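Q: Below you'll find the structure I mean.
The values are calculated or read from the model by the stated rules, or taken from the named source; none is laboratory data. Keep in mind it's a predicted model, so treat the numbers as computed, not measured. Counting neighbours? That spans all protein chains shown, and the Cβs are built from the backbone with ideal geometry, glycine included. Remember, those area values only see protein heavy atoms, side chains included, never the ligands or the DNA or RNA. Shrake-Rupley method; radii C 1.70, N 1.55, O 1.52, S 1.80 Å.
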Amino acid sequence: MRHLVSIKDLTDKEFQVLVDRAEYYKKTFKCGDLSAAQKNHVKLLGKTAALIFSKRSTRTRVSTEGALSFFGAQPMFLGKDDIQLGVNESFYDTTRVVSSMVSCIFARVNKHSEIQELTKHSSVPIINSLCDMFHPLQAICDILTIKEHLDYTKNKLKVAWIGDANNVINDMAIACLKVGIDVSISTPSGIEMDPEIIKAGQEVAKANGSKLIVTHSSTEAATGANVLVTDTFISMGEEYARVAKLKQFQGFQINSELCSYADPNYKFMHCLPRHHEEVTDDIFYSDHSIVFDEAENRLYAAMAAVDVFVINKGNFSAGPDDILN
Ligand SMILES: NC(=O)OP(=O)(O)O
C-alpha cells in the first residue's frame, strides 16, 4: 500500500504515470462510450471512501467525489462538524475506526503532521487533499494542463510563480522540474520558500535537465515565462494578517504590466479560488487564461490518484489494460 502525501515522495517515473493516467481517464470520461464507463464503474463497486475535510473546498471535494463515483465507490464527506474528530475523539482512534470501514481516505487538514499521523495509523491509502505543506492533486492537474496547452514534451518551458511560499508551489515546483520544465519562484521579501523544498527541487532539477530559480523580484521571474502562476495571497486561516500581507505583496499582482515581461504566448494559471488582489480581470478572463481548463482537470487528477493508489494499491505498473499493452 502507498499513500499520496507529496509529489516529492514519488519517483520521476511514478509522477509521469499519474499525469498519463489523468490524461487517459480524461479521454475515457469524455468519449461517451457506455461500455468504458461500465468497465470502470465496477472497479470499486460496493466500496466506500471517506473524505475527512477539516477545511472548506469546492474543486477538491467535487473532483474527488466525482472520481470515486466514476469507479463505483460511494464517497462519504465528513466535514469538521460531522464527526467526533478533534472534539470528542482522538486522531488515532478516528483513523483506526474510519480506515477499518472504507477503501481509502482523502484528507484535507491544517498541519502536515496530521497527514503524517493519518498515514501512520490508517489501514487504507491516504490521499493528501491539501495540508499546509503540500497539494499533490493540484500538481498532477497542473502538469496535465500545461501539457495540453504548451506540450512540455516538445517545448522547453519556463513556469513563473508570482506569489506566496505555500503548499501549492511546493508541489508544483517539484512536479514541473520532474518533467523538465524550468521554474522561477518569486515571493515578496520576507516570505521565503522552505529550504527543504529548494534542496529537493535542486536535486530534481539536476536529474532532469531543468532549472530552479528563487527570487524576490516578480519581474525577474516573469521575464520570458511561458506560464505565469499565482494563488491566494492570504491562505485559509491567515485572514487575521490580511492588511499586512497585502502591503507585503505590492508588485506581485498579475496585471498587464507584469504580463508584458512574459513570452507573448504566455498562459495564466491559478488553482482557484481567485481574489482580485492576485490578478486583474483583464488577465483572469483573457485568452491567455487557462484557469477553467485547469479546474476541470482536477477531476482527472483525482481519477488518476484513485486508480493508482486505491484500485491498484500503489502498484504504478498496474493499470487499465488498454494503456499498459
Ligand atoms: N484548488 C483547490 O484546491 O480548490 P478548493 O480549495 O476549492 O478545493
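Q: Between Val109, Val243, Val124, find the one with the highest GNM mean-square fluctuation for the chain; connect C-alpha pairs within less than 10 Å.
A: Comparing Val109, Val243, Val124 in the GNM, the peak value goes to Val243.
Q: Which entries of Lys26/Lys313; Lys26/Lys158; Lys30/Lys156 show an alpha-carbon separation above 27 angstrom in the structure shown? Provide the component values of the computation, followed by the final result.
A: On the way: Lys26/Lys313 21 Å; Lys26/Lys158 25 Å; Lys30/Lys156 29 Å.
Checking Cα-Cα distances, Lys30/Lys156 exceed 27 Å.
Q: Kindly give Rg over Rh for the range 16-145, based on alpha-carbon atoms, with the Kirkwood expression for the hydrodynamic radius.
A: 0.98
Q: Sticking with this structure for a sec: Non-local amide H neighbours of Ala49 (under 5 Å, H modeled in plane, Pro and chain starts lacking H): which ones?
A: Result for Ala49 returns Gln74, Met76, Ser103.
Q: Please state the relative contact order of the chain as a whole percent: Cα pairs under 8 Å, 6+ residues apart?
A: 21 percent
Q: Here is a further query. Take each of the peptides 4-13, 28-37, 223-232, average the number of other beta-carbon atoms within 10 Å over its residues, and list them starting from the highest. Write out the running numbers ahead of the final one.
A: Values: 4-13: 19.6, 28-37: 12.2, 223-232: 22.6.
Descending mean neighbour count gives 223-232, 4-13, 28-37.
Q: Lys and Arg at +1, Asp and Glu at -1: add these up for the other residues within a Cβ distance under 15 Å of Phe15 and post the number.
A: -3
Q: Starting from the Kirkwood Rh over alpha-carbon pairs, what translational D in µm² s⁻¹ does the range 196-246 have by Stokes-Einstein at 25 °C and 0.890 mPa s?
A: The estimated diffusion coefficient comes to 179 µm²/s.
Q: Determine the sum of side-chain charges near Glu296: Lys and Arg each +1, Asp and Glu each -1, restricted to other residues whose C-beta is under 11 angstrom from that of Glu296.
A: Values: positive: Lys26, Lys30, Arg59, Arg298; negative: Glu148, Asp293, Glu294.
So the surrounding residues net to +1.
Q: What does the convex hull of the Cα atoms come to per residue for the chain, in Å³?
A: Per residue, the Cα convex hull of the chain comes to 131 Å³.
Q: Okay, moving on. Report the Stokes-Einstein translational diffusion coefficient (µm² s⁻¹, integer) for the range 254-325, Rh taken as the Kirkwood radius over Cα pairs, at 10 °C with viscosity 1.306 mPa s.
A: Translational D for this selection: 107 µm²/s.
Q: To the nearest 20 debye, what charge dipole does the chain have about its Cα centre, counting +1 at the Cβ of each Lys and Arg and -1 at the Cβ of each Asp and Glu?
A: With Lys and Arg at +1 and Asp and Glu at -1, about 740 debye.
Q: Ok, one more. Over the range 1-83, with the other protein chains present, what is the accessible area per residue in square angstrom, probe 1.4 angstrom?
A: On a per-residue basis, the range 1-83 sits at 51 Å².
Q: Still on this model: Tell me the Kirkwood radius of the range 139-294: reciprocal of the mean inverse pair distance over distinct alpha-carbon atoms, in Å.
A: The answer is 15.4 Å.
Q: What percentage of the solvent-accessible surface of the range 1-40, computed with a 1.4 Å probe over protein heavy atoms, is contributed by carbon and sulfur atoms?
A: After summing per-atom areas, the C and S share lands at 56 percent.
Q: Please list, ordered by chain and number, the residues whose modelled amide H lies under 5 Å from the amide H of Val279; skip anything fewer than 5 residues away on the same chain.
A: When sequence neighbours closer than 5 places are left aside, the close amide H contacts are Ile254.
Q: Could you grab the relative contact order for the range 139-294? Cα pairs under 8 Å, six or more apart, rounded to a whole percent.
A: Values: 269 pairs, mean separation 37.3, N = 156.
Relative contact order of the range 139-294: 24 percent.
Q: Taking the simple approach of a point 7 Å from Cα along Cα-to-Cβ for both His41 and Gln16, what is their distance in nm?
A: Inter-label distance under the simple model: 3.5 nm.
Q: Add +1 for every Lys or Arg and -1 for every Asp or Glu among the other residues with Cβ under 12 Å from the Cβ of Thr64, and state the total.
A: Once positives and negatives cancel, what remains is +3.
Q: Also, quick follow-up: How large is ³J(HN,Hα) for each residue in the range 97-113, as worked out from phi by the Karplus curve 6.51 cos²θ - 1.76 cosθ + 1.60 (θ = phi - 60°), to whole Hz, x for Gly and Pro?
A: Per residue, the Karplus-derived 3J(HN,Hα) values read 5, 4, 5, 6, 10, 10, 8, 6, 10, 8, 10, 10, 10, 7, 8, 4, 4 Hz.
Q: Can you tell me how much longer the chain between Ser260 and Ser90 gets when fully stretched, taken as 0.36 nm per residue apart minus their C-alpha distance, in nm with one decimal?
A: 56.0 nm
Q: Going by Cα centres, the range 48-126 and the range 248-325 are how many Å apart?
A: Cα centres, the range 48-126 to the range 248-325: 24 Å.
Q: Something else now. Normalised by the residues of the range 131-223, what does the relative contact order come to in percent, with Cα pairs under 8 Å and at least six apart?
A: Over the range 131-223, the number comes to 30 percent.
Q: Return the sequence-ordered ³J(HN,Hα) values of the range 84-90 in whole Hz as given by the Karplus equation 6.51 cos²θ - 1.76 cosθ + 1.60 applied to θ = phi - 60°, using x for Gly and Pro.
A: My calculation for the range 84-90 gives 6, 3, x, 10, 10, 8, 6 Hz in order.
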